[in-house]
Each structure stands twice: as structure tokens, then as C-alpha cells.
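Visitor: After the C-alpha cells below, expect a handful of questions from me.
The values are calculated or read from the model by the stated rules, or taken from the named source; none is laboratory data. In this text the structure is predicted, and so the values were computed from the model without any measurement. Quick reminder, even Gly has a Cβ in these numbers, built from the backbone with ideal geometry, and neighbours come from all protein chains shown. Only protein heavy atoms, including side chains, enter the accessible area calculation; ligands, DNA and RNA are left aside. Shrake-Rupley method; radii C 1.70, N 1.55, O 1.52, S 1.80 Å.
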Amino acid sequence: MYRALQLHPSDNVAVVITECNPPGKVSVTSSSRGEAFEIEALEKIPFGHKIALRDLAKGDLILKYGRPIGRATANIAKGGVVGVHNIEGLRGRGDLGRQEVDDHRISGIRASE
Amino acid sequence: MGDRRWTTIEFLGYVRPNEEAGIRNYVLIVPSTRLVNIVASRIAKYVNGTKTIITGGENGRHKKDRMRLRNLYIGLSLNANVYGTIVIGAKAGFGYAEFEPSSLAQEMAKSGKPVRVLMVEECGGLEKTVAEGIALAREMVQEASRVRREPVPIGKLAVGVKCGLSDATSGISGNPTFGRMSDLLVTAGGTVIFSETVELIGAELDVAARCEREEDARRLLEMVHEAEEAARATGEDIRTINPLPSNIQAGISTLEEKSLGAIQKSGTSPIRGVLEYAQRPPQPGLYFMDGWMSSFSLPMSLAAAGCQLVIYQLGGEDLPSADPPMLATNTGVVAPLMMMTGNPRTAQKAHRNIDFSAGGVITGECSIAEAGEALLAKVCSIASGEWTKGETVCYEDPLEPYFLGPVF
């Protein structure tokens, strides 16, 4: 059984702490609750990379530590790997319009309230 | 929060005239202008027990940046690890007023520690200044060697932290372990300073909410805003700059994700204040200091703010697989740079250079609370005289003061 950590109960991704080579189940430990649940790994996920805990749609906020770390740039299936190929950060980005960054900043404020 | 048990713990330190306690006992050679870098460098090479700070210097820099460099010099001299300072100058009135040797020396002498000034003009030339500096430094290090270590409470410690080559363990094991140690030390009356302003972007609201004073929360948000605007002004996707390619390889995908992992190192204590670059905290407690994340910049900057020890909290997943070089060697100048990691694989492959591993948090061998206590015990040992692994090496990386720019 592979292992992953969910750092906050509201997170929709977990950090893989044993490299996943499917087929195989991942035991996800929720660090605040201490209890574990299982999901199926869909693809190879290296140590330290993120696994989706539910189906994510393009544009969804990605939550880790209970805070937004960016948004999905593609649909991501539960059990899939989450990384620079399918999510993007929005802060400090000179290549994006001002409005987009402000919107994201506001969603960050909401999430932390 | 911290455990009261630690408040009674002592370390063996060098007590200074101002009651501060050093964990090392150096003589610092400061070149007041880059013209005399060669003098400071030769003296430091010749005399055991000395340290110097060689940088690109002050020329073509605006007032704010010149003040940063001035504060860096003064701060390093005031650091409790310094027994005394020799300031090297060219001649009176040479160069920018901020670096006038007599003015630097006056600020440095407020510690009550020995401060001497040597001027090339008065010594009769470059090589005569080197010769006179060597003689003076040799006398001063011998005086310094007569100071004995004595037990002092750990509340006299100020520890700085830099997290580097972050990977997924940084936010899960390494930084939380440092954070736990920080809570223990702060409860015991000590000081902890964290920094790296760009790596607050995305986590700034959580940090600001912990500031004891409203004005500090406001200043912190302003610092982050300035950093974010500077990043935006590049017109680039920040991910081509920070997170670094190595962070991304190791599983960190966005700057926000890196920041949220990075702030775990601040523990849970209230933030007593927000410091400008190289500013010394007015009283003990947990502080944030404006600073640049570079491994060649932040350690000495934290030392200038008064940290006797700087801990480098390394992720390191993306490093080469056997005996990798460290990201920085001895860039704390007067403060030893201690290497820790929360990544068990980094601990194994870099065991020749890692002083402390919290990797057991990942493998399930220990809790964050246990790792934090073990880290504080290690800090006490290093504070009492145990060398860091980096200190056993005769090499110093180049130094990069944190300048705002632009240059003219």
C-alpha cells in the first residue's frame, strides 16, 4: 500500500510519501484527524508530488494546507497526479492580467477566513 | 506552545560587555569601502580566528542600498559572536559618507566591545596597512582567546532560519520541526528570526494575522505587496524564477504552495515584530525580517540582525544522489550555518554535511514534537561549541547583500 498525507481536512490534494506505481491503492492519512482512507492511484506519482483526492474541473482552486495554491488548468481525475502540467499558481505572475491576480487574491482571503 | 522545561536549560557562551552571549569568538575585519577589500581579505587569511565580509560593495548604489550595506557591517560587528572589530578605511572623507570608518566604528563601539580603525593613508600604503592589520588582529584574537565560555540561559540565543531547495518534505517535516523548536526557544525567552519575503506570497494573510501589533501586520503586507509588484514587473511567469526548477522537480508546483510550506518554520508563537533588512530586534521573541532568499545572502543578513546561529532547513530531494555539495558554505560570516533536513533521503545522501535530520517524521519514527526537542538539544550543543559540519571546511561562498537596486 502506498502512502500519502492530507495536510488539512479541506484539501483536495495529498502529498505522496512513497512513490506510487499503479496499479495500487494509496492510504491517505489526514494529519489533523489522524485517520486514513484509501484511493486508487491512476498513474505513477513520485515521492513528494501531489495526488488528486477528488475529481477536479478546469478552473477549480487547488487546496493544500487548507489554502489555495493555484487553480486547475485541465480536468484532473481522482487519483491522478497534480503538478505544473495541470495546475498554475496565480500570485506574482507578470504574464497574467491584473484582474486575474486580484480575483485569486480575493479567493485566497475568502479561503483563509 | 513551548515546554517550560527548556527555560532552565543553559548553553556555554562567551559573555560580552553588554551581557549578550556569543557562541563563537571571532575578530571581525570590516573593509569600509571596497577599495580596501584586498587589505581585509589578506589580514583575515593570515590571522586565525578572524572573519571578514567581502562584497561587491557600495559604488553606484542609491542611499537606501548604501544604508543596507552600512547596517550589514554594523550588525555583523554587534553580533555577540564577535569579540572585537577592526575597520579598514582608505582615508578620512573618502567615498560615501555612510561608510566613513569613524562613523561605522562609533556605532560598533556601542556594544562596549573593542573596535579599532586602520586607515591606508595613515599607515603609509596598502602593504603597510596589511602588515599593521595583521599585527593588530593577532593581538586581538589572542585577547579574545582569554575569554572563557560560561553557562548562560538559552534565552540569550537568537536563531535565524533559511529554508532552501524546498521539496514536499519542507512543509511537512523540516519546517514544522524548526517551528516546534522555535516555539520552545521563544517560550524560554529566546529569539527566532525568519525571512524570505517573496516566499510569503500566498501565505501572507496567515502570517500577518499572527503579528502582535497592527502596524507590523500592515508593514508585512506592504513588504509582500512590494515583492509581488516587483515580480509582476518582470513580465514573466513567476514559476520560471521561483519556485526554482529544483522545487518543481521535487513536487512544488506554485509559489503559493512553496510559501505555505515555508511559513511552517515560524511555528505558532505570536510575531513580536517585523524587521527591516539587517535590523536588530528590540527585544526577544519571534520576528519576521525583510530579506532575500539567496543562500549567499540571507545567512549573513540574519547574523547582522543578531542571530548567533543560522539554521539552513534543506529539502534537497532534487540534489545529486551521493554526497551532494551544499547550497551554501559558511555564508553566515560570524554565525555558523547549521544544516538540517526533513527529508530522510537527503539526510542519507548528504550525511557528510547534514547536522540534523527530522526525516523520522516522514518515516514515522518520531513526531514533530519529538524532532523539535531533539533539534533544540542539538542547537544547544552547537551553541556550546560543537562545530557544524560546514565549519570544518575551509571555504566561504561569495556574499550577496540584499540590495533593492537599480544601480547607477
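Visitor: Counting only helical runs of four or more DSSP H residues, what would the 222 nm mean residue ellipticity of chain B come to if each run contributes -39,500 (n - 2.57) and the total is spread over all its residues?
Guide: Numbers: 14 runs with 142 residues, N = 408.
Result for chain B, helices only: -10500 deg cm²/dmol.
Visitor: Would you mind computing the Rg to Rh ratio of the protein assembly as shown from its alpha-carbon coordinates, Kirkwood style for Rh?
Guide: Result for the protein assembly as shown is an Rg/Rh of 1.00.
Visitor: Under the Karplus relation 6.51 cos²θ - 1.76 cosθ + 1.60, θ = phi - 60°, what is the ordered set of whole-Hz ³J(HN,Hα) values for region A:35-44, x standing for Gly and Pro?
Guide: For region A:35-44, the Karplus curve yields 9, 10, 9, 10, 9, 8, 7, 8, 8, 5 Hz.
Visitor: Name the residue farthest towards the positive end of the dipole of the protein assembly as shown from the options B:S102, B:A203, A:H49, assuming +1 on Cβ of Lys and Arg, -1 on Cβ of Asp and Glu, about the Cα centre.
Guide: The one lying farthest along the dipole's positive direction is B:S102.
Visitor: Interface size between chain A and chain B, please: total buried accessible area, 1.4 Å probe, rounded to the nearest 100 Å². Write down the numbers at each step before the final one.
Guide: On the way: alone 6380 and 16720 Å², together 20300 Å².
What A and B bury together is about 2800 Å².
Visitor: Which of the residues in region B:241-288 lose at least 30 Å² of accessible area when you go from the chain alone to all protein chains together (probe 1.4 Å)?
Guide: In region B:241-288, residues shielded by partner chains: B:I248, B:G251, B:S253, B:T254, B:E256, B:E257, B:L260.
Visitor: Scan region B:39-125 for trypsin sites (Lys or Arg not before Pro) in coil per DSSP, keeping those whose Cβ has at most 14 other Cβ atoms within 10 Å, and list them by number.
Guide: Values: sites: B:R42, B:K45, B:K51, B:R61, B:K63, B:K64, B:R66, B:R68, B:R70, B:K91, B:K110, B:R116; in loops: B:R61, B:K91.
Sites meeting the loop and neighbour criteria: B:K91.
Visitor: With label points built 7 Å along Cα→Cβ from the Cα atoms of B:A135 and A:E38, find their separation and express it in nm.
Guide: The answer from the label model is 8.1 nm.
Visitor: Over all pairs of distinct alpha carbons, what does the Kirkwood formula give as the hydrodynamic radius of region B:287-363, in Å? Don't skip to the end; give the middle numbers.
Guide: Details: mean 1/r = 0.0771 Å⁻¹.
By the Kirkwood definition, the hydrodynamic radius is 13.0 Å.
Visitor: Counting only GluC sites (Glu not before Pro) that sit in a DSSP loop (anything but H, G, I, E, B) with at most 15 other Cβ atoms within 10 Å, what is the longest stretch of chain B containing none of them?
Guide: Working: sites that count: B:E19, B:E212, B:E236, B:E276, B:E365, B:E386.
Value returned for the longest uninterrupted segment is B:20-211.
Visitor: Of B:C366, B:L399, B:T341, which is farthest on the positive side of the dipole of chain B, counting Cα position, with +1 on Lys and Arg Cβ, -1 on Asp and Glu Cβ, and the Cα centre as origin?
Guide: The listed residue farthest towards the positive side: B:L399.
Visitor: Assuming R0 = 35 Å, can you tell me the calculated FRET efficiency for the pair B:E121 and B:E222, based on Cβ-Cβ distance, to the nearest 0.05?
Guide: The calculated FRET efficiency here is 0.20.
Visitor: Let me ask another. Taking H placed 1.01 Å from N in the peptide plane, check which residues at least 5 places from B:V117 or on another chain put their amide H under 5 Å from its amide H.
Guide: Those lying under 5 Å, H to H, from B:V117 are B:V87.
Visitor: Rounded to the nearest 5, what % of the DSSP beta bridges within the protein assembly as shown are antiparallel ones? Spell out each step's value before the answer.
Guide: On the way: 26 of 70 bridges.
Counting DSSP beta bridges with both partners in the protein assembly as shown, the antiparallel share is about 35 percent.
Visitor: Just in region A:4-64: which trypsin sites (Lys or Arg not before Pro) are loop by DSSP and have at most 16 other Cβ atoms within 10 Å?
Guide: Values: sites: A:K25, A:R33, A:K44, A:K50, A:R54, A:K58, A:K64; in loops: A:R33, A:K44, A:R54, A:K58.
Listed in order of number, the matching sites are A:R33, A:K44, A:R54, A:K58.
Visitor: So what is log10(I(q)/I(0)) for region B:1-113 at q = 0.13, 0.14, 0.20, 0.24 1/Å, when the Debye sum runs over its Cα atoms only?
Guide: Log-scaled intensity ratios, in q order: -0.54, -0.61, -1.04, -1.35.
Visitor: For peptide B:232-238, what's the mean number of Cβ atoms from other chains within 10 Å of each residue's Cβ? Don't skip to the answer; put the middle values down first.
Guide: Numbers: counts 8, 1, 4, 3, 4, 7, 8.
That works out to 5 on average.
Visitor: Something else now. What is the spin-label model distance, in nm, from B:E215 to B:S381 if the labels are put 7 Å beyond Cα along the C-beta direction?
Guide: With each label point 7 Å from Cα toward Cβ, the separation is 4.3 nm.
Visitor: Given a Förster radius of 41 Å and the C-beta distance between B:T234 and B:A109 as r, what FRET efficiency does 1/(1 + (r/R0)^6) yield to the nearest 0.05? Walk me through the numbers on the way to the answer.
Guide: On the way: r = 42 Å, r/R0 = 1.03.
Step by step, r from the Cβ atoms, then E = 0.45.
Visitor: Report, in debye and to the nearest 20, how large the dipole of region B:211-293 comes out about its Cα centre when Lys and Arg carry +1 and Asp and Glu carry -1 on their Cβ.
Guide: 340
Visitor: Okay, next question. Report, by chain and number, residues whose modeled amide H sits under 5 Å from the one on A:I62, excluding near sequence neighbours (fewer than 5 apart, same chain).
Guide: Here A:I69, A:G70, A:R71, A:A72 satisfy the definition.
Visitor: Charges only on Cβ, +1 for Lys and Arg, -1 for Asp and Glu: so what's the dipole of the protein assembly as shown about the Cα centre, in debye to the nearest 20? Walk me through the numbers on the way to the answer.
Guide: Details: 57 positive and 62 negative charges, 175 e Å.
Magnitude of the dipole: close to 840 debye.
Visitor: Charges at C-beta only: +1 for Lys and Arg, -1 for Asp and Glu. How large is the resulting dipole of region B:1-148 about its Cα centre, in Debye rounded to 20?
Guide: Dipole about the Cα centre, nearest 20: 320 debye.
Visitor: In chain B, which helices (entire DSSP H runs) extend 20 Å or more along their own long axis, judged by Cα positions, while averaging at least 1.0 on the Kyte-Doolittle scale? Can you show the working numbers first?
Guide: Values: long enough: B:63-78 (22 Å, -0.58); B:126-145 (28 Å, 0.09); B:214-233 (28 Å, -0.92); B:368-383 (22 Å, 1.26).
The qualifying helices are B:368-383.
Visitor: Between the DSSP loop rule and a limit of at most 10 other Cβ atoms within 10 Å, which GluC sites (Glu not before Pro) in region A:1-79 are left? Mind showing how you got there, number by number?
Guide: Working: sites: A:E19, A:E35, A:E38, A:E40, A:E43; in loops: A:E19, A:E35, A:E43.
Sparse-neighbourhood loop GluC sites (Glu not before Pro): A:E35.
Visitor: Let's test the formula: R0 of 60 Å, r as the Cβ-Cβ distance of B:I9 and A:K58. What FRET efficiency results, to the nearest 0.05? Intermediate values should be presented prior to the final figure.
Guide: Values: r = 54 Å, r/R0 = 0.89.
The value I calculate is 0.65.
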